[in-house]
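Enquirer: This is the structure, below, for whatever I ask next.
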């Protein structure tokens, strides 16, 4: 790694893309997301690169809080893609987590939203700007 790459990587850490992967590679492409999710979750359907978002109990005490840029997302919970919004990001030791709200029943948008802290994984949380519709519908 030369000095320019090192400086670019350090700058990227300071202002993260709101859909940055845990390994810092930026917005995921479908091939890397598919390979990562298959290795991480063998219980999902064999033909799909997607898996459910992983809940976390709380952010680490010394995590850095980062405001989101593109808050509208799709989050996969219970095998379904649900619309949601990221409230804030937490960065800690090169890993990312997001505090988000999601609509548990999209057919009834007036029902209260569900809240949770989730580990960021490109196979479970997607930008609605990049994906206007959910990636798959069962």
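Enquirer: Kindly establish whether residue 50 is more than 18 Å from residue 116 (Cα to Cα), at pLDDT 90 or above and within 14 Å of the chain's Cα centre (by Cα).
Expert: yes
Enquirer: What is the residue count in segment 66-76 for residues that are without any contact (Cβ under 8 Å) to a residue 60 or more places away in the chain, under 12 Å from the mean Cα position of the chain (by Cα) and either assigned to a strand (DSSP E or B) or surrounded by fewer than 18 Cβ atoms within 10 Å (Cβ to Cβ) (or both)?
Expert: 5
The values are calculated or read from the model by the stated rules, or taken from the named source; none is laboratory data. Because the structure is a prediction, the values reported are computed rather than measured. Cβ coordinates were reconstructed from backbone atoms using ideal geometry, including for glycine residues, and neighbour counts include every protein chain displayed.
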